Amino acid sequence: MSEVTRAGGRRAGLPFILVVVFIDVLGIGIALPVLPMLVGEYTASRELQAYWYGALVVSYGVMQFFCAPLLGALSDRFGRRPVLLWSLLGLGLHFLLLALAPSLPLMLLARIIGGTAGASLSVANAYVSDVTPSERRAKGFGLVGAAFGLGFIFGPMLGGLLGSVNLHLPFYAAAGLSLLNATYGCFIVPESLPRERRAAFSLSRANPFAALYTLSRHREIGSLVVVFALVVLAQLILQTTWVLYTHFRFDWGPRENGFALFCVGLVAAIVQGALLGPLLRRFGDVRLALTGLGVGAIAFLLYGLAQHGWMMYAIIFANFLSFAAGPALQGIVSNAVEPSEQGVTMGALNSINSIMFVVAPSIGTPLLAQVSHLSPSDWRVGITFFVSAVLQVVALWLARRHFAPHRYPRTA
């Protein structure tokens, strides 16, 4: 059943949700290079700026971790459309409060609201499941991922340009996009889940730890779960400290970070969207994962040692193989479980990602705060990237140990 439900005479279909995801992520991306700078407007030192920015990121991540399965369960009970509309309106309110907030505590409140509303990707994926047949579902999820990636490619660049004019302007733009998206959803996007297919709501189904418990029962995956967690943690430490690090090291502002993050998104999209298939056929999933982990560890080290801004761009493009490591690992884990358990396994990996989004800023921003008073040329300013490099090396070591006694096919 490819297009299951009607609302106002319209069939539910994939293009509707792709537009929602793209605009949603575009708004989030716009704010990405600017939020740490806005926090700096309300703090008296770089150390306090790092601590407060960490608090804002952690609060958002905590709410996302607990609310993602809750929104999914609510959408199973009441339908996808009302939950999506709430998410879009809540995210718009979050951006508007950030733009207007006169103090850091009110910005923290805004982030809590945003975290509860911003966990809408699980509902978007559920919408895709509703409107695509099983044989086309993987392609549908891939299109959602592409829309997600496009939003993160263009959002930071747009946010950097707007933020170079006024630090509050990107948040007004993001709020406007979210409210425009909600309007689109209200008048254009139909419901995808018919009443007869809805499930009763229960708190047990909204438990974010349930998927992790399920994954822990797959002993054949072994230490790969730890490898995946370490890779995600290393990457998120980089992501959550990048803007402040480049500001402290190179005095970059929103414009410079916007262009740099645009390049990161562009390289990731090219590798995962165009090169991943040929790379997997050439090297196989195991060799590609191990190579990507090794290249990533070196890149983290070089990011922390870079003394000039142009070096960051050189490392971004030279680091392209590391963007293939995550998908290769996910493919290996997926191939290790039964077809009937694919959904819960992918959900568990997403739960790991959500947990690490809380852990990463809890580690990264305090470390950055401790070195914020040092000279920009001091090698210790790159401490967060060195920690990421160590995590990546440990992940590589565990992965090599895991694969050593096994024989895996050359191709994914």
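Some observations on this one:
- Sequentially through the range 316-324, phi angles give Karplus couplings (6.51, -1.76, 1.60; θ = phi - 60°) of 3, 6, 6, 8, 4, 5, 5, 6, 8 Hz, Gly and Pro residues having no value and appearing as x.
- 3J(HN,Hα) along the range 289-295, derived from phi through the Karplus expression 6.51 cos²θ - 1.76 cosθ + 1.60 where θ = phi - 60°, amounts to 5, 5, 5, x, 5, x, 4 Hz, with x in place of Gly and Pro.
- Taking packing as the residue-averaged number of other Cβ atoms within 10 angstrom, the listed peptides 269-278, 41-50, 178-187, 65-74 run from highest to lowest as 65-74, 178-187, 41-50, 269-278.
- Per-residue Karplus couplings for the range 300-314, computed as 6.51 cos²θ - 1.76 cosθ + 1.60 with θ equal to phi - 60°, are listed in order as 4, 4, 5, 4, x, 9, 4, 10, 9, x, 4, 5, 5, 5, 4 Hz, Gly and Pro entered as x.
- Carbon and sulfur %, accessible surface of the range 220-289 computed with the full protein complex present, 1.4 Å: 64 percent
The values are calculated or read from the model by the stated rules, or taken from the named source; none is laboratory data. These numbers come from a predicted model, not from an experiment. All Cβ positions, glycine included, derive from the backbone under ideal geometry; neighbour counts span all protein chains shown. All accessible areas refer to the heavy atoms of the entire protein, side chains included, with ligands and DNA or RNA removed. Shrake-Rupley method; radii C 1.70, N 1.55, O 1.52, S 1.80 Å.
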